Amino acid sequence: MRIYLTGFMTSGKSTIGPILANVLGLEYYDLDREIESEEQLTVVDIFEKHGEQYFREAESKILNKLAQKNKILISLGGGTITNDKNFEMMRSTGKIIYLKVSPATLYKRLKHKTDRPIFRDLVLGDHSEEDFLKRIKELLEKRREVYERADIIIDTEVTPLGQTVDRIAKKIKYIFHEKN
């Protein structure tokens, strides 16, 4: 059993992931933390020192290494799934779950975070809510098609954390039970 948790940054992957993994009896990995451990740099520092392309290559390499394990749940970075090779590998080795969140909620969660390279300039530059929402919507639109190809789509907008975890766990158990 391999579960890949995807969604936009701050959609709840790193919060829901370890709880869900525990409920399902799976080993948990946060892909960004694994990259930081391997590179001995934060994600922000990797982007600043080496650029996004370098980060994406490291991301793919570590994802492929983790995917060799069994009984795991991996919280992906927001853009991991947009790489076609990553997507195909995940699709063929496990199940993909998309945590869906509205642009307004994403804005509330991102507006003060300086650890997200794609939004760091907006936070540090004290840009308007409209600037943030425009970038969020543009990125969501670019990623929507691939996010929505997930095996399970869960709207995390209004459901409490515990209920969200329970809903996902039930769906996963059904999918894997049905398969066996």
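The values are calculated or read from the model by the stated rules, or taken from the named source; none is laboratory data. Model, not experiment: these values are computed from the prediction. When we count neighbours, we look across all protein chains shown, and the Cβ atoms used for this are built from the backbone with ideal geometry, even at glycine.
The figures follow:
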{"read-out": "Candidate set from the stretch 151-180 (those that are of a type in the set (A, V, I, L, M) and at pLDDT below 90); member that is nearest to the chain's Cα centre (by Cα)", "value": "Leu161"}
{"read-out": "Total residues in the stretch 58-85, condition within 24 Å of Leu140 (Cβ to Cβ) and exposed (fewer than 13 other Cβ atoms within 10 Å of the Cβ)", "value": "2"}
{"read-out": "So Lys108, is it in a helix (DSSP H, G or I) and more than 29 Å from Leu161 (Cβ to Cβ)", "value": "no"}
{"read-out": "Test for Gly78: is it in a loop (DSSP other than H, G, I, E, B) and in contact (Cβ under 8 Å) with a residue 24 or more places away in the chain", "value": "yes"}
{"read-out": "Per-region count, the stretch 141-180, residues of a type outside the set (D, E, K, R), assigned to a helix (DSSP H, G or I) and farther than 26 Å from Thr93 by Cβ", "value": "3"}
{"read-out": "Search result, residues across the stretch 42-58 that are of a type in the set (Gly, Ala, Ser) and in a helix (DSSP H, G or I)", "value": "Ala58"}
{"read-out": "Test for Phe8: is it assigned to a loop (DSSP other than H, G, I, E, B), at negative phi and either surrounded by 14 or more Cβ atoms within 10 Å (Cβ to Cβ) or modelled with pLDDT of 95 or more (or both)", "value": "yes"}
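Table: residues versus (1) loosely packed, with under 13 Cβ neighbours inside 10 Å; (2) at pLDDT below 85.
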| residue | (1), (2) |
| --- | --- |
| Ile96 | no, no |
| Pro103 | no, no |
| Lys111 | no, yes |
| Leu124 | yes, yes |
| Arg149 | no, no |
